[in-house]
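Below: the structure, in structure tokens.
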Amino acid sequence: MALAQADLAASAGEVPVGAVIAHGDQVLARAHNMRESLGDPTAHAEMLAIRQAAAVADERTLRQSVMYVTLEPCAMCAGAIRLARLGAVYYGAADERQGCCGSVYRLTEDPALGGLIPASGGILEDECRARLELFFSALRG
């Protein structure tokens with residue numbers, strides 16, 4: 001489902017990142033990057049999915065929910081994941097430049113911030129990375 005969201009982002013001219021939040025078998029939210037469409041630098045797939053899931057769950061914390069995202073979350077998104085108190089994060093491609101769930105920093109797992117939100121990467125990594133590479137190679141022409 002997150003890959004399908006990434007495809008929607010790409011077709012809209014957005015960086016192909018998709019996110020899904022699930023509570024058990026129930027999908028609470030599906031979102032993709034909309035920074036360009038909305039003119040909003042915070043409209044990352046993760047942020048939009050957290051907002052949707054909180055509205056559906058009718059609560060501000062999502063302790064029993066899990067996020068699946070095609071690209072490792074950045075510092076902003078990892079911070080929002082902590083504040084939403086998601087149960088775990090699973091991502092596809094690592095982001096060696098800005099990833100804050102293992103590549104550059106482990107914001108979701110920093111004990112200094114209290115609590116631990118486990119993050120694991122490499123889920124369908126080849127498929128996730130291929131979408132990003134295709135998108136950026138097309139931009140470069």
field: At R0 = 41 Å, FRET efficiency that the Cβ-Cβ distance of VAL56 and ALA138 yields, to 0.05
entry: 0.75
- line: Candidates ASP110, ASP25, ASP40; GNM for the chain (alpha-carbon contacts under 10 Å) flags as most fluctuating ASP25
- prompt: When ligands, DNA and RNA are left out and all protein chains stay put, how many square angstrom of accessible area per residue does the chain have with a 1.4 Å probe?
  reply: 52 Å²
- prompt: With all protein chains present and a 1.4 Å probe, how do GLU96, GLU72 order by accessible area, largest first?
  reply: GLU96, GLU72
message: Taking every DSSP beta bridge with both residues inside segment 1-127, roughly what % is antiparallel (nearest 5)?
response: 60 percent
- line: The rounded separation in angstrom of the Cα centers of segment 1-43 and segment 78-121 is 18 Å
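In debye, nearest 20: dipole of the chain around its Cα centre with unit charges on the Cβ of K, R (+) and D, E (-)? Mind showing how you got there, number by number?
Values: 12 positive and 17 negative charges, 58 e Å.
Computed about the Cα centre, the dipole is about 280 debye.
In debye to the nearest 20, how big a dipole does segment 80-136 give about its Cα centre with +1 on each Lys and Arg Cβ and -1 on each Asp and Glu Cβ? Intermediate results must be reported in sequence, preceding the final value.
On the way: 6 positive and 8 negative charges, 53 e Å.
Dipole magnitude for segment 80-136 comes out near 260 debye.
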task: Report the one residue of ALA9, LEU116, MET67 whose Cα lies farthest in the direction of the positive end of the charge dipole of the chain (charges on C-beta: Lys and Arg +1, Asp and Glu -1; origin at the Cα centre).
output: LEU116
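The values are calculated or read from the model by the stated rules, or taken from the named source; none is laboratory data. No experiment lies behind these values; they were computed from the predicted model shown. Note that we place each Cβ from the backbone using ideal geometry, even for glycine, and neighbour counts take in every protein chain shown. To get the accessible areas, we keep the full protein, side chains included, count just its heavy atoms, and leave off ligands, DNA and RNA. Shrake-Rupley method; radii C 1.70, N 1.55, O 1.52, S 1.80 Å.
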